[in-house]
1. Of these, Leu81, Leu74, Leu68, Leu61, which one is more than 30 Å from Gln163 (Cβ to Cβ), hydrophobic (A, V, I, L, M, F, W, C) and at pLDDT 95 or above?
2. Would you say Tyr101 is touching a helix residue (DSSP H, G or I) at 6+ places or on another chain (Cβ under 8 Å), modelled with pLDDT under 90 and closer than 19 Å to Ile237 by Cα?
3. Look through Val156, Val126, Val143 and report the one residue that is crowded, with 22+ Cβ neighbours inside 10 Å, in contact (Cβ under 8 Å) with a residue 12 or more places away in the chain, of a type in the set (A, V, I, L, M) and part of a loop (DSSP other than H, G, I, E, B).
4. Any idea which of (1) farther than 18 Å from Ile103 by Cβ; (2) among the β-branched types (Val, Ile, Thr); (3) in contact with a Phe, Trp or Tyr (Cβ under 6 Å, 6 or more places away or on another chain) is the one Ile217 doesn't satisfy?
5. How about segment 133-157: which of its residues are modelled with pLDDT of 95 or more and over 17 Å from Asn40 (Cβ atoms)?
6. Would you pick out the residues in segment 29-59 that are in contact with a Ser or Thr (Cβ under 6 Å, 6 or more places away or on another chain) and either over 23 Å from Asn140 (Cα atoms) or part of a helix (DSSP H, G or I) (or both)?
7. Residue by residue through segment 73-89, note down the ones that are under 24 Å from Val156 (Cβ atoms) and in a loop (DSSP other than H, G, I, E, B).
8. Residues to consider are Val32, Val126; find the one that is closer than 30 Å to Ser202 by Cβ and not assigned by TED's automatic domain parsing to the domain that holds Lys171.
Amino acid sequence: MLSKQQIKFINSLKHNKYRLKYNCFVAEGSHVVNEFIKSNFKLKLIISTNEWQIKSKVETLVVDKKTLKKISFLKTASSVLAVFYKPDTILRLDDFVIQKYAILLDSISDPGNMGSIIRTSDWYGVKEIFVSKKSVDVFNPKVIQSSMGSLSRVRVHAIDLIQLLTQLKKKQVPCFGATLLGEDMYDIQKPDCCALVFGSESHGISKEVKKLLDQEILIPSKNKLIDSLNVSVAYGIILSEFR
């Protein structure tokens, strides 16, 4: 039996202030929930229909579909909903060690785009992403769903991008930013190690961040009637080319 208090708690996690307060987030759907269960994320609670419980070895609180619909964040409720604790992703810049690529996201606001970027990162083996504090919360339910479980493997750090870029420049790591006025990315030499910066859907990379770039890059268009690409699409194309 699901208590009124539990229903209230789960519904509160739609909002960022309560995800911060309780340090928890919601995942829904068999695939997404299983991906988080297999990861290092600590599980707090699983609620499911009897159908899902039979297929899983994880102990769950069984409810009917009508009850699950009351707490679901989806238009069509799935057979399982889980609450996980958010991981500790606080990063000290002194401890930062760059991998092959450092991915920096400057004020990405759309949850669908953020989720797609996380999923693409997972596809290409990117283990960490650095986002500005003005970016959408990666534990937003829409980000969780659109990332399709990839957030269980890709660590996302909310950080001051200016400080991180300054650190990267001290280490002589070249920093490239995707803009509409950049150089054709197919014409430039790709270093073995670099930072790739992507800006918000509506405003692009901020002026403060842009000042710290070594080079602006562009995906050339074959159709001048289209003025820009969706940021998550551009991210996939650029990451593929640099890879």
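The values are calculated or read from the model by the stated rules, or taken from the named source; none is laboratory data. Nothing here was measured: the structure is a model prediction, and the numbers come from that model. In this analysis, Cβ positions are derived from the backbone assuming ideal geometry, glycine residues included, and neighbour counts consider all displayed protein chains.
1. Every option except Leu81 fails the conditions.
2. yes
3. Working: Val156 fails: part of a loop (DSSP other than H, G, I, E, B); Val143 fails: part of a loop (DSSP other than H, G, I, E, B).
Checking each option against the conditions leaves just Val126.
4. (1)
5. Listed by number, the residues that qualify are Ser135, Val136, Asp137, Asn140, Pro141, Lys142, Val143, Gln145, Ser146, Met148.
6. Hits for segment 29-59 are Glu35, Phe36, Thr49, Glu51, Trp52, Gln53.
7. Step one: list which residues in segment 73-89 are under 24 Å from Val156 (Cβ atoms), which gives 73-74, 78, 80-89.
Scanning segment 73-89 gives Phe73, Leu74, Ser78, Lys86, Pro87, Asp88, Thr89.
8. Just a single option satisfies the conditions, and that option is Val32.
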